[in-house]
Structure formats: structure tokens, C-alpha cells
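Quick notes on the structure that follows.
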Amino acid sequence: MKKLHLISLLLPLLALLVMPTTVQANIVLNPGFETADGGGAQNWFNWYNPANGVSQQRVTGVFLSGAASANTKLTGTSGYTIGGWGQELTGWSAGQTLNASLWTKVVVTGDAYAQLKLEIIKPSGNADVWGPSTASTSWTKLEQSYLIPSDTTQIKLLAVHVASVGANNGDIWFDDANAAIPEPTSMLLLGTGLIGLFTLGRKKIK
Ligand SMILES: [Ca+2]
């Protein structure tokens, strides 16, 4: 009985060691833009500088997976123009590593490109993280890891369209957003499951 007790204690620890830290949960809602909300996509807000002209819509003609994606077109006539889609993330904790990613496809006119951005809000002000960018006409994955500091109050994932010259600058699609954090519940469940199986096994042997 003493031995059984010890093994029961060790099993969850073993499970924690064996399980790769890649067990992750995606905390982005409507990550593939599959659910519509009016002219937009549910859970996503339009993030742009309207003065420079940005047109944003959820579209079903172009997508990486599912049947829809999020599109931006910059229709400004001059100067630096920026727009995109954003979502405030919930369910994360300080100290966790957030692995953010996003797929994008760009039809380049002028100098347009797509970029992943994490908007990090703290009491002392924003500490935004500008992730990688691309102007590829093929679907490309943008990835950014971020260790969440203890004083973070809000995190937003942004799919950004940037251009600095002229009118009709670029046509960009975004799909399959991901903001993955470690999922401790799965590991605990596995540990509990192993204990259950072990106990059952012992009972059968007896
Ligand atoms: Ca999709």
C-alpha cells in the first residue's frame, strides 16, 4: 500500500516531465475568421487609421483553411497608412510564454506588407511587440513568442497592413491566427488518468 501511494504521487510528476511543453491551447476566438458578424468577423475589431483610408472585410473568396479569411485594402491617397484586424486576448497569465502566429497572403502594390503585432498594455504605458512581416504573394506564417511580464494588464493580437506610399496600396488576407499558451489542465488530467488506470490495474491484479 505504501508503494502504491508513492507511485501515485510520482505518476503526475512523471506525466509533467514526459508531456512536451508543446501542449498548448489557442486562446484566439474565431481564429480562422469563419464566423461572420455583420460585415466583419466575430470577436475581431477593425484596427486602423481611418483618416488614411482603409477598407476591411471578411471574405469567402480567398482563404487558407475553412471557407473565409479577413481582408484589408488600403485606399488612402498619400502618406503612411496602416490598418488591420485585432482581438483582445483573454485566458493568459503572467509568466507564461505566448506563442502567437498568423497566416497571411499579400498582393503587393507599392510597398505594402503584412505584419504580426502584439499590443502589450501595462500601467506604465504600451510595450508593443512588432513581430515579423512579409510581402509574399503565397500564404506565409508569421510567428512571434513573448514571455508575459507580471505587470501586463492587456494583450491584443493584431494582424496589420502597413504601407507608406500612394493610393490602393496592397491587398492583404489573414487567416488561422493562433495565440498559444501552455495548457496545464491537460497535463493534470493525464496525471489523474494515469493514477486511475494504475489503481484499476492494481485492483484487477488482486
Ligand atoms: Ca479561415
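Going by the conditions given, is Gln115 outside any loop (DSSP other than H, G, I, E, B), among the polar types (S, T, N, Q), within 23 Å of Ala25 (Cβ to Cβ) and touching a residue at least 12 places away in the same chain (Cβ under 8 Å)? Answer is no for this residue. Within the stretch 74-118, being more than 27 Å from Gly53 (Cα to Cα) and not aromatic (Phe, Trp, Tyr) holds for Thr90, Gly91, Ser93, Ala94, Gly95, Gln96, Thr97, Leu98, Asn99, Ala100.
The single condition among (1) more than 20 Å from Ala180 (Cβ to Cβ); (2) in contact (Cβ under 8 Å) with a residue 60 or more places away in the chain; (3) within 15 Å of the ligand (Cβ to nearest atom) that Thr77 does not meet is (3). Asn43 meets the stated requirement of being within 16 Å of the ligand (Cβ to nearest atom), on the phi > 0 side of the Ramachandran plot and surrounded by fewer than 18 Cβ atoms within 10 Å (Cβ to Cβ).
In the stretch 72-100, the qualifying residues are those that are modelled with pLDDT under 95 and of a type in the set (Val, Ile, Thr), and the one that is farthest from the chain's Cα centre (by Cα) is Thr77.
Would you pick out the residues in the stretch 136-179 that are of a type in the set (Gly, Ala, Ser) and either in a strand (DSSP E or B) or surrounded by fewer than 17 Cβ atoms within 10 Å (Cβ to Cβ) (or both)? Even if it seems obvious, please write down each step before you answer.
Of the stretch 136-179, the ones of a type in the set (Gly, Ala, Ser) are 136, 138, 145, 150, 159, 163-164, 166-167, 170, 177, 179.
The answer is Ser136, Ser138, Ser145, Ser150, Ala159, Ala163, Ser164, Gly166, Ala167, Ala177, Ala179.
The values are calculated or read from the model by the stated rules, or taken from the named source; none is laboratory data. Just so you know, these numbers come straight off a predicted model, no measurement behind them. As a convention, Cβ positions derive from the backbone with ideal geometry for all residues, glycine included, and neighbour counts pool all protein chains shown.
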